[in-house]
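The values are calculated or read from the model by the stated rules, or taken from the named source; none is laboratory data. If you're wondering where the values come from, they're calculated on a predicted model, not measured in any experiment. Cβ atoms come from the backbone with ideal geometry, glycine included; neighbour counts cover every protein chain shown.
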Amino acid sequence: MIRLKALLVLLAATLLLSAPAAAQTRSLSADEEFILQELSDHNTAIRTMAGRFVQVDSQGGQIEGTFFLKRPNFVRFRYAPPSREEIISQGRGFYVIDREQRTQYAYAQDHVPLRQFLGEQVSLITTNLSDVVMSETHVAVMITDDSPIGTVQVSLIFDRATLDLVQWSLIEPSGVETTFSIQETEKNVDIPDHYFYIDPTYRSVASPQ
């Protein structure tokens with residue numbers, strides 16, 4: 001089974017979807033505020049998205065899969081074989097599904113890092129922002145957030161030309177880092193509601209620690 005912390009990392013930066021007001025940890029320059037607003041507006045306009053993701057852990061282990069996003073609050077991450085796991089949110093929490101064991105366990109939405117990015121509006125300026133680094137090609141936005149494993153550091157990487165999110169990484173309190181990249185994305189496509197269906201016959205189990 002894919003470890004729970006890695007699953008939460010995957011949810012931590014789910015394609016920048018809405019953030020409530022929160023205290024910044026440093027002030028912004030005029031240029032930084034301008035680019036953050038551009039990024040926020042661009043990602044707010046994305047109502048659905050589908051594509052592939054690649055997850056790489058600190059030891060170089062790599063797992064791939066597909067994702068589907070429908071705002072607000074609907075998301076599905078499906079790990080490719082040999083894994084049989086996927087994560088589904090229907091707005092009432094996140095469910096980790098094991099298709100082989102036919103089990104599920106729930107994880108409260110308010111306990112997932114950056115869960116606020118699954119709502120209606122993106123507002124990077126009002127996140128727990130710790131730093132912004134800009135280059136000619138990319139913008140890196142560093143955010144801190146609380147989670148069941150402690151305070152985590154999330155780095156969101158955007159393509160400066162397209163304003164799209166292309167990669168994110170999370171550093172756990174232990175120092176373990178997990179990085180995700182997304183590719184082959186399609187935006188504002190039709191995604192049926194049944195993509196987020198959870199089989200009610202799946203047995204409920206306790207979440208791993």
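When the residues of region 155-165 are filtered to those that are surrounded by 15 or more Cβ atoms within 10 Å (Cβ to Cβ) and aliphatic (A, V, I, L, M), which remaining residue is farthest from the chain's Cα centre (by Cα)?
Only one residue tops the list, namely L163.
Looking at this structure, is A206 within 22 Å of T137 (Cβ to Cβ), assigned to a loop (DSSP other than H, G, I, E, B) and in contact (Cβ under 8 Å) with a residue 12 or more places away in the chain?
no
Please count how many residues of region 174-209 are of a type outside the set (S, T, Y), farther than 22 Å from G91 by Cα and over 18 Å from the mean Cα position of the chain (by Cα).
Residues in region 174-209 being of a type outside the set (S, T, Y), farther than 22 Å from G91 by Cα and over 18 Å from the mean Cα position of the chain (by Cα): 2 in total.
Only one of P173, P192 is out of contact with any Lys or Arg (no Cβ under 7 Å at 6 or more places or on another chain) and under 30 Å from R102 (Cβ atoms); which?
Unique residue meeting the criteria: P192.
What are the residue pairs meeting all of these: first residue in region 27-45, first residue farther than 14 Å from L156 by Cβ, second residue among the polar types (S, T, N, Q) and surrounded by 14 or more Cβ atoms within 10 Å (Cβ to Cβ), Cβ atoms under 6 Å, and 6 or more apart or on different chains?
As it stands, the answer is T44/Q121, since those pairs meet every condition given.
Residue under question is T137, and the condition is that it be surrounded by fewer than 15 Cβ atoms within 10 Å (Cβ to Cβ), at pLDDT 75 or above and out of contact with any strand residue (DSSP E or B) (no Cβ under 6 Å at 6 or more places or on another chain); does it hold?
So T137 passes the test.
Within region 166-209, restricting attention to residues that are charged (D, E, K, R) and at negative phi, which residue is surrounded by the fewest Cβ atoms within 10 Å (Cβ to Cβ)?
Filtering first and then ranking leaves D190.
Pairs please, first residue from region 165-181 and under 12 Å from A140 (Cβ atoms), second anywhere and of a type in the set (S, T, Y) and surrounded by 15 or more Cβ atoms within 10 Å (Cβ to Cβ), Cβ atoms under 6 Å, 6+ apart in sequence or on different chains.
Q167/S181; S169/S155; S169/T179
With the condition kept exactly as written, say whether any residue in region 141-154 is in a strand (DSSP E or B), modelled with pLDDT under 80, of a type in the set (D, E) and crowded, with 16+ Cβ neighbours inside 10 Å.
So far as region 141-154 goes, yes, one or more of its residues are in a strand (DSSP E or B), modelled with pLDDT under 80, of a type in the set (D, E) and crowded, with 16+ Cβ neighbours inside 10 Å.
Each row is one residue, and each column tells you yes or no for (1) within 29 Å of V133 (Cα to Cα); (2) part of a helix (DSSP H, G or I); (3) at pLDDT 90 or above.
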residue: I2; (1), (2), (3): no, no, no
residue: A19; (1), (2), (3): yes, no, no
residue: S27; (1), (2), (3): yes, no, no
residue: E33; (1), (2), (3): yes, yes, yes
residue: R52; (1), (2), (3): yes, no, yes
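Can you spot a residue in region 69-90 that is within 18 Å of A140 (Cβ to Cβ) and either touching a His at 6+ places or on another chain (Cβ under 7 Å) or at pLDDT 85 or above (or both)?
There is no residue in region 69-90 that is within 18 Å of A140 (Cβ to Cβ) and either touching a His at 6+ places or on another chain (Cβ under 7 Å) or at pLDDT 85 or above (or both).
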